[in-house]
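Below is one structure, written out as structure tokens; comments come after it.
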Amino acid sequence: MIWSDITTRPIEPLEVLARVGSPRDGAVALFVGIVRNTNEGRPVGGMEYEGYAEMAREQLAAIVSEAAARAGSDRVAAVHRLGELEVGEPSVAIAVSTPHRSEAFEASRHVIEEIKRRLPVWKRERYLDGGAEWLEGRVPAPAARGDGSRGNGRGGR
């Protein structure tokens, strides 16, 4: 089953994994992106993901469908989280099942790379020293962030 979602709820990787699989498949790939505790040597306390939920849902659905077509499988699932996340929490989960491992790995990689490139979701790291910074790519427009600031020219996933 091809499935995707954008959510503000915690991601349960095993629930995403349960959406794929077939007796004809010999491979299942599960990718889980989590908030890490350091970036470029700077201690991270958490992450904020902001985005345009409806637009992100549409774009993620397109990305997952592309990956399914490339893999020749209708068993691709992906979810991305919005909101405040703590260190160790999943921000994205992708599951793919195919008859052979190479297709499963390639489809999973396609999904995460296209998420990073195309999904209208941005992340801001919160540092243990009290600072915060938008990461690589674009910074959301002030109206999207709701804070009136212009950011520092960095944003992304």
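The share of Cα pairs per 10 Å bin across segment 1-86, counted from zero up to the longest distance, runs 15, 41, 30, 12, 1 percent. Probe radius 1.4 Å, ligands and nucleic acids ignored: give me the carbon and sulfur share of the accessible area of segment 22-65 as a rounded percent. Here it works out to 53 percent. Entry note, the chain: the mean residue ellipticity at 222 nm calculated from DSSP H runs of n ≥ 4, each adding -39500 (n - 2.57), is -9000 deg cm²/dmol after division by the residues and rounding to the nearest 500.
What FRET efficiency, computed as 1/(1 + (r/R0)^6) with R0 = 25 Å and r the Cβ-Cβ distance, is obtained for ARG9 and PHE105, rounded to the nearest 0.05?
Working: r = 27 Å, r/R0 = 1.10.
With a Förster radius of 25 Å, E is 0.35.
Contact order for the chain, expressed relative to its length and based on alpha carbon pairs under 8 Å spaced 6+ residues apart, stands at 30 percent. I'd like the trypsin sites (Lys or Arg not before Pro) in segment 13-111 restricted to DSSP loop residues with at most 15 other Cβ atoms within 10 Å, sorted by number. Listed in order of number, the matching sites are ARG24, ARG36. Remark: the chain carries 52 Å² of accessible area per residue (probe radius 1.4 Å; ligands, DNA and RNA excluded). Assuming charge only on the beta carbon of Lys and Arg (+1) and of Asp and Glu (-1), the dipole of segment 19-110 about its Cα centre is about 400 debye to the nearest 20. Here segment 114-128 is scanned for amide nitrogen atoms under 12 Å from the site 7 Å beyond the Cα of GLU40 along Cα-to-Cβ, giving 125.
Given a 1.4 Å probe and heavy atoms of the protein chains only, how would you sort ASP129, ASP74, ASP25, largest accessible area at the top?
Working: ASP129 110, ASP74 75, ASP25 30 Å².
Putting ASP129, ASP74, ASP25 in descending order of accessible area: ASP129, ASP74, ASP25.
The values are calculated or read from the model by the stated rules, or taken from the named source; none is laboratory data. Just so you know, these numbers come straight off a predicted model, no measurement behind them. Reconstructed Cβ throughout: ideal geometry from the backbone, glycine too, with neighbour counts over all protein chains shown. Ligands, DNA and RNA are stripped out before the accessible areas are found, and what is left, the full protein with its side chains, is counted by its heavy atoms. Shrake-Rupley method; radii C 1.70, N 1.55, O 1.52, S 1.80 Å.
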